[in-house]
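Below you'll find the structure, written out as C-alpha cells, and then a few comments.
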Amino acid sequence: MDRDVSKFVEESFLKPLIEENEVTDISFNGSSFFYMTSEKGRLKSDIEISSDKVGDFLRQIANLSERQFSYTNPILDVSFGRYRLNATYKSIARSSNEKVFTFDLRIESFESKIDKDPGFFPGNSRDLILEILNNRGSIVIGGETSTGKTELEKWLLTKMESNTRVIVIDNIEELDIMRIPHLDLTVWISNERNEFSTFPSLIRNALRNNPDYIVVAEGRGGEMYDALVSATSGHSLISSIHALDVKTMPNRIVKLCMQADKRSSPEELKDDVAKHIKNYIFLKRTQEEDGHIRRFVDSIGRLEDDGKMKVIFRREK
C-alpha cells in the first residue's frame, strides 16, 4: 500500500518539487503552493492547481491509504514511505472566505543530513555527544519546530556501535526509512486507535525485547511517562521534545509525564528524571541575511542528581 501511495504522489503535479533533493516540505494553503528547503527556508512555488483538483488528489491518497476523508472526517493524517501528509477538508478550511482544501506534505531523507552540514556541531559539541552515546547515556533533544530534532536522532542511530539493539517507537515513519545495516534495529509504529499499539503499550513491550536503546521519536504527551519508566528500569532512552532552552527541558518532561501519571507528585517525577535522564541537547535555527537557514547545537546540559542543570557546552555567539 505504501508503495502505491508514494508512487501516486511522486507522479502527481508535485513531481517537480519532489525531485528537488533539498525540498523537505510542500504545503497548499487553499490558493497557493509553498515549499521548504533546508538552506533557503520557505519559498513560493509557481504550481497552479485549483483547490478542487487538490481535493481530488487528497481523496485519492485517502482511498489508497484506506482512510476516511470527508465532511464528517475532515482531517487526514497519514504517513507512507518517506512522506507524511496532513490535510484538511473544505468543510473546515477557508481561503479568502472560500471553502478550500489544504495540506502539508513532509518529505524525509533516507539518510541524516547532519554530516553534510559543517555548522551543525559548533566547538566540541560533536565530541561531547559522541561521548554520551558511547557511554549509552539517555539523551533528550529539545528545540522548537524545524530545528533538526529528528535529523539528530537519525544521526545518533548511525553513530551507534555495531550490533546495538535499538527499538524505535513512532507514530509516523520518519525513522523507519533509515538504512543502518550495522544495527539490530526494530521500528514499531503506534496507533492510538488500537489499545495494543499505543505508545504506552509499545514502550512496555519494548522492555521485554532486551534493547540497548529505546527511541521514542517525539514526546508529545503522556507517553513520556512510560519513556521515563523505561529509563528507570535501566534501558537507555533517546527522545525529543519541544522546548525553549536547555535548562527548562527537565521540567518540560515532568509536565508531559503528569499528563499520564496523576498519582506521582511533581517532586517525585523530578527526582526520577534527575536520576535517570542525565543528558540534554538543545537545538536552534536561524535565518541569515542571504535567506539561508542554519541549524545547530546551541547547548548541551547534564542534569545532576540534585536536579540542577550543568551546562557543559554553549555555542559562542
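The values are calculated or read from the model by the stated rules, or taken from the named source; none is laboratory data. Bear in mind the structure is a predicted one, so any value in this text is a computation, not a measurement. Glycine gets a Cβ as well: all are built from the backbone with ideal geometry, and neighbour counts include every protein chain shown. Areas reflect the complete protein model, heavy atoms only, side chains present, ligands, DNA and RNA absent. Shrake-Rupley method; radii C 1.70, N 1.55, O 1.52, S 1.80 Å.
The rows are residues; the columns are (1) of a type outside the set (Asp, Glu); (2) free of Cβ contacts under 8 Å to residues at least 60 places away in the same chain; (3) over 25 Å from residue 286 (Cα atoms).
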position: 10; (1), (2), (3): no, yes, yes
position: 18; (1), (2), (3): yes, no, no
position: 23; (1), (2), (3): yes, no, no
position: 48; (1), (2), (3): no, yes, yes
position: 63; (1), (2), (3): yes, yes, yes
position: 69; (1), (2), (3): yes, yes, yes
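Only one of these conditions is not met by residue 219: (1) open to solvent by less than 20 Å² (accessible area, probe 1.4 Å); (2) under 22 Å from residue 159 (Cβ atoms); (3) outside any loop (DSSP other than H, G, I, E, B). Which number is it? Answer for residue 219: the failing condition is (3).
Annotation: of all residues in the range 270-289 being open to solvent by 10 Å² or more (accessible area, probe 1.4 Å) and either hydroxyl-bearing (Ser, Thr, Tyr) or in contact with a Lys or Arg (Cβ under 9 Å, 6 or more places away or on another chain) (or both), the one that is nearest to residue 142 (Cα to Cα) is 284. Residues that are out of contact with any strand residue (DSSP E or B) (no Cβ under 7 Å at 6 or more places or on another chain) and acidic (Asp, Glu) were ranked within the range 244-274; the one that is farthest from residue 312 (Cα to Cα) is 261.
How about the range 115-159: which of its residues are of a type in the set (A, V, I, L, M, F, W, C), assigned to a loop (DSSP other than H, G, I, E, B) and open to solvent by 10 Å² or more (accessible area, probe 1.4 Å)? Scanning the range 115-159 gives a single hit, 121. The residue that is surrounded by the fewest Cβ atoms within 10 Å (Cβ to Cβ), among those in the range 206-216 that are in contact (Cβ under 8 Å) with a residue 12 or more places away in the chain and assigned to a helix (DSSP H, G or I), is 209.
Residue count for the range 82-110, restricted to those that are within 15 Å of residue 35 (Cα to Cα) and surrounded by 20 or more Cβ atoms within 10 Å (Cβ to Cβ): 7.
Of the residues making up the range 104-131, those that are modelled with pLDDT of 90 or more and under 18 Å from the mean Cα position of the chain (by Cα) are 104, 105, 120.
Would you check if there is a residue in the range 268-287 being among the aromatic types (Phe, Trp, Tyr) and touching a Cys at 6+ places or on another chain (Cβ under 9 Å)?
no
Considering the conditions (1) without any contact (Cβ under 8 Å) to a residue 24 or more places away in the chain; (2) touching a helix residue (DSSP H, G or I) at 6+ places or on another chain (Cβ under 7 Å), residue 167 is excluded by exactly one of them, (1).
Scanning the range 25-36 for residues that are touching a residue at least 40 places away in the same chain (Cβ under 8 Å) and not hydrophobic (A, V, I, L, M, F, W, C) yields 25, 27, 29, 30, 31. Among the residues of the range 298-317, just one is assigned to a strand (DSSP E or B), closer than 17 Å to residue 147 by Cα and open to solvent by 40 Å² or more (accessible area, probe 1.4 Å), namely 314. Number of residues in the range 232-254 that are open to solvent by less than 10 Å² (accessible area, probe 1.4 Å) and within 18 Å of residue 160 (Cβ to Cβ) equals 4.
Could you grab me the full set of residues in the range 160-172 that are farther than 23 Å from residue 201 by Cα and either in a helix (DSSP H, G or I) or touching a Leu at 6+ places or on another chain (Cβ under 8 Å) (or both)? Once the filter is applied, which keeps residues that are farther than 23 Å from residue 201 by Cα and either in a helix (DSSP H, G or I) or touching a Leu at 6+ places or on another chain (Cβ under 8 Å) (or both), the range 160-172 yields 160, 162, 163.
Is there a residue being assigned to a loop (DSSP other than H, G, I, E, B), on the phi > 0 side of the Ramachandran plot and open to solvent by 30 Å² or more (accessible area, probe 1.4 Å) anywhere in the range 50-69? Yes: the range 50-69 contains one or more residues that are assigned to a loop (DSSP other than H, G, I, E, B), on the phi > 0 side of the Ramachandran plot and open to solvent by 30 Å² or more (accessible area, probe 1.4 Å).
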